[in-house]
Ligand SMILES: [Cu+2]
């Protein structure tokens with residue numbers, strides 16, 4: 001059974017009402033506006049998470065998705081006794097949606113506050129391409145503990161933000177992996193997230209870095225193109241293909257792989273490749289089940305080894 005490992009997705013609406021003849025700038029202005037409510041809440045064990053329902057907070061928070069050109073209005077409810085905020089990377093916003101104490105943009109304890117994130121499609125103006133908003137981005141607190149949200153980040157107030165471009169391939173399953181301090185999603189081996197998929201499923205990883213350390217994200221037996229989507233555009237696409245990538249504080253990237261393609265089902269590790277980080281617990285398992293959901297040969301034994309022997313500080 002594929003239990004609980006996938007992040008909560010917010011269904012992204014299709015771009016509708018845009019005509020091919022419309023100027024791209026106008027098209028961006030015609031994007032849809034969607035409103036959601038998020039709740040910041042304390043969790044057992046001292047973590048604090050964002051959620052889409054009261055009592056639904058998780059670490060990391062839900063995957064938020066937008067299409068280029070659309071606007072997302074977030075009503076953030078602070079159900080903790082500390083000031084906090086939500087600050088996005090990669091999108092457009094006004095200073096009052098900055099999520100920073102610098103701009104007096106945060107929620108006092110108990111307060112509800114609206115943050116507005118805008119996106120734009122790429123367009124050509126005077127012969128120059130401007131970047132659109134599409135990318136694997138992220139959001140996080142910027143107000144708890146310090147003016148930079150350092151305490152909020154340590155306690156789990158972070159999540160993935162995906163801005164898709166029209167035509168992007170959509171995944172079957174998503175996983176957010178956050179290297180925060182010396183943890184993965186505020187957990188260490190053998191409690192790091194077990195990421196489960198079935199052979200042949202299109203799996204999307206969103207990797208995010210936070211904290212004070214240099215990290216590198218490595219996934220066993222799978223590789224991706226080092227570009228916006230992780231996919232090659234064709235046989236002559238010169239984009240380097242990698243299976244390991246720097247994941248430093250504040251950075252993020254994402255990619256899609258077909259689970260087990262070319263290598264088969266099995267228990268495949270993902271981990272930080274800084275050796276003393278993986279040795280001390282920054283390692284987890286990407287479990288690729290057989291297509292029918294059953295466990296592949298050897299996978300249970302591998303999990304037993306992970307749970308039994310991979311945690312020097314147990
Ligand atoms: Cu590391």
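What follows draws every value from the coordinates through simple rules; no lab data is involved. In this text, all values refer to a predicted model and were calculated from it rather than measured experimentally. Using ideal geometry, Cβ is built from the backbone for each residue, glycine included, and neighbour counts are taken over all protein chains shown.
Observations
- Diffusion coefficient, µm² s⁻¹, Stokes-Einstein with Kirkwood Rh over alpha-carbon pairs of the chain at 10 °C and 1.306 mPa s: 78
- Gyration tensor (alpha-carbon) shape descriptor, segment 229-314, a/c threshold 1.5: oblate
- Cα gyration tensor shape of segment 24-164, rounded if a/c is under 1.5, else prolate or oblate by comparing a/b with b/c: prolate
- Distance between segment 272-299 and segment 133-165 - C-alpha centres, whole angstrom: 26
- When both segment 34-101 and segment 222-240 are represented by their alpha-carbon centers, they are found 31 Å apart.
- Cα-Cα pairs of segment 76-134 separated by more than 15 Å (percent): 56
- Computed lengthening from residue 212 to residue 35, 0.36 nm per intervening residue step minus Cα-Cα distance: 60.4 nm
- Maximal additional length on extending the residue 303-residue 123 stretch stands at 60.0 nm, based on 0.36 nm per residue less the C-alpha distance.
- Modelled label positions at residue 95 and residue 146, each set 7 Å beyond Cα in the direction of Cβ, lie 2.3 nm from each other.
- In the chain, the calculated helix contribution to ellipticity at 222 nm averages -2000 deg cm²/dmol per residue, counting -39,500 (n - 2.57) for every DSSP H run with n ≥ 4.
- Residues in segment 108-122 that a label on residue 42 would reach, taking backbone N under 17 Å of a point 7 Å out along Cα→Cβ: 108-111
- Value in Å of the Kirkwood radius, where segment 171-219 supplies the Cα pairs that are averaged: 11.8
- FRET efficiency, residue 275 to residue 111 (Cβ-Cβ, R0 41 Å, nearest 0.05): 0.40
- Cα gyration tensor shape for segment 173-309, rounded if a/c is under 1.5, else prolate or oblate: oblate
- Extension gain, residue 169 back to residue 73 (0.36 nm per residue minus Cα-Cα distance, nm): 32.1 nm
- Taking the square roots of 5 times each eigenvalue of the Cα gyration tensor of segment 132-179, largest first, gives ellipsoid semi-axes of 27, 13, 5 Å.
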